[in-house]
Amino acid sequence: MKKNSGFNTKLVHGGQQPDVLMSVNPPIYQSSTFSFKNADHGAACFAGESDGYIYSRLGNPTVRVLEDAVAALENGAGGIACASGMGAVTTVYLAYLSQGAHIVSTDAVYGASRSVLEKHFSRFGVEASFVDTSQPEQIEAAIRPNTKLLYVETPANPTITITDIALCADIAHKHGLRLVVDNTFCSPYLQKPLDLGADIVLHSITKFINGHADVVGGVIVAKTEADHKLLYNVMTSMGPNMDPHQAFLVIRGLKTLSIRMERAQENAMKIAAWLESHPKVAWVRYPGLKSHPQYDLAQKQQSGAGAMISFGLKGGLKAGKVLMDNVQLAALAVSLGGVETLIQHPASMTHSKVSSEAKLKAGISDDLVRYSVGIEDVEDLIEDLDHALSCITE
Ligand SMILES: *Cc1c(COP(=O)(O)O)cnc(C)c1O
């Protein structure tokens, strides 16, 4: 594959090296360790003077295919694959947040990306501020002399709030910080944070990149060789590694990223517009709708609106429960970004034990429903929602 190949060519061929047996797909190198040709070769591998593999925590050829493929898609210097999205997030925190350091992050950031800072990194003297990163003045106000990272998730969950990446890169670099973007919701098909000025991009690979709800994984891509080296060293020292079988499955899922994304967002646009005119729906938040408060920014920053919709029901909590109990095609499940449609009502499901105050702080109102649109026939998805909405009687 040529370096300047198009995005779809990179999806299908990225990272793959010619195989001795000419296999079209990368083999699963299910081996914990690799032998050296002789003592000198062993010494050269350990000194980093030879490309040979040593031990799978330090690098594995199947995992490397995936790391190189995603790095090529994000236009970065190199990738670091992890056992989970949180493995990727934590590796980034560990690499840049030392004792007494401070991070500014999106308030509606993925729950665990916040709680790992508040519950665990705080034990080592790391401080965190969570602000609405769509408001640049809030970021500026939160930056302190000890701030090391600006961490942005866009679009953020479940409010679908969009943060201006290029603007954040300017703010971060003006203050000598690194900008990290969680690009899980868009995937590199719809948004390229490194091209917009970010230093590091990461994904829960569990979602759109793998796309088949059968793997948990994560990946980080650094813009520079130096950051790649640092992050790779932290990951391989701490050990949240992706395993070769996991990587093989993700390589397979990755190949169809653009066609899955295209179909899912075409469905999402139709469903969002349909929901917006439904009498039992109070509001719809989808970046492809003109009613989205940051519609223009979404148009500028993303090459598509994506496949995640949040909407509110006029009947609130009770109506949400009825909707959950009556959908038949959409699965009641957390996670997102797969070929199958998933529906979630946080107030009655994942957040049923959380106080109303804490829920509202996280942007979760009792009426909020989150819908991850899959690639089924859109008529069937609309019929499913229509039936379930018709079961709401008050
Ligand atoms: C799921 C998710 C994560 C965490 O990833 P895991 O693979 O579940 O560890 C991080 N960020 C976002 C935006 C996510 O959706």
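Observations on the model:
- You will find that of 73, 58, the residue that is modelled with pLDDT of 95 or more and under 19 Å from residue 240 (Cβ atoms) is 58 and no other.
- The condition (being of a type outside the set (Val, Ile, Thr) and more than 28 Å from residue 187 (Cα to Cα)) is satisfied by just one residue among 320, 338: 320.
- Test: residue in the range 375-384 that is within 16 Å of the ligand (Cβ to nearest atom), at pLDDT 95 or above and not assigned by TED's automatic domain parsing to the domain that holds residue 166: no
- Condition met for residue 230 (at negative phi, surrounded by fewer than 20 Cβ atoms within 10 Å (Cβ to Cβ) and more than 15 Å from the ligand (Cβ to nearest atom)): yes
- Helices (runs of 4 or more DSSP H) wholly inside the range 1-120 containing at least 2 residues that are within 16 Å of the ligand (Cβ to nearest atom), in contact with a Leu (Cβ under 9 Å, 6 or more places away or on another chain) and of a type outside the set (Val, Ile, Thr): 85-96
- Only one of 354, 369 that is part of a strand (DSSP E or B) and more than 21 Å from residue 133 (Cβ to Cβ): 369
- Any chance residue 161 is among the hydroxyl-bearing types (Ser, Thr, Tyr), within 20 Å of residue 183 (Cα to Cα) and in contact with a Pro (Cβ under 8 Å, 6 or more places away or on another chain): yes
To keep it simple, each residue is scored yes or no on (1) surrounded by fewer than 13 Cβ atoms within 10 Å (Cβ to Cβ); (2) closer than 13 Å to residue 275 by Cα; (3) in contact with a Phe, Trp or Tyr (Cβ under 8 Å, 6 or more places away or on another chain); (4) not small (Gly, Ala, Ser).
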site: 343; (1), (2), (3), (4): no, no, yes, yes
site: 362; (1), (2), (3), (4): no, no, no, no
site: 366; (1), (2), (3), (4): no, no, no, yes
site: 375; (1), (2), (3), (4): no, no, no, yes
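- Positions within the range 250-273 being farther than 21 Å from residue 386 by Cα, of a type in the set (A, V, I, L, M, F, W, C) and surrounded by fewer than 17 Cβ atoms within 10 Å (Cβ to Cβ), in sequence order: 259
- Taking the range 101-133 as the range and being in contact with a Phe, Trp or Tyr (Cβ under 8 Å, 6 or more places away or on another chain), under 17 Å from residue 163 (Cβ atoms) and of a type in the set (A, V, I, L, M, F, W, C) as the test, the residues that pass are 103, 104, 109, 128.
Quick grid of which residues meet (1) farther than 30 Å from residue 194 by Cβ; (2) free of Cβ contacts under 8 Å to residues at least 60 places away in the same chain; (3) buried (at least 23 other Cβ atoms within 10 Å of the Cβ):
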| residue | (1), (2), (3) |
| --- | --- |
| 310 | no, no, yes |
| 316 | yes, yes, no |
| 320 | yes, yes, yes |
| 331 | yes, yes, no |
| 339 | no, no, no |
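- Breaking point among (1) modelled with pLDDT of 95 or more; (2) surrounded by 12 or more Cβ atoms within 10 Å (Cβ to Cβ), for residue 356: (1)
The values are calculated or read from the model by the stated rules, or taken from the named source; none is laboratory data. All figures in this text were calculated on a predicted structure; none of them were measured in a lab. Counting neighbours? That spans all protein chains shown, and the Cβs are built from the backbone with ideal geometry, glycine included.
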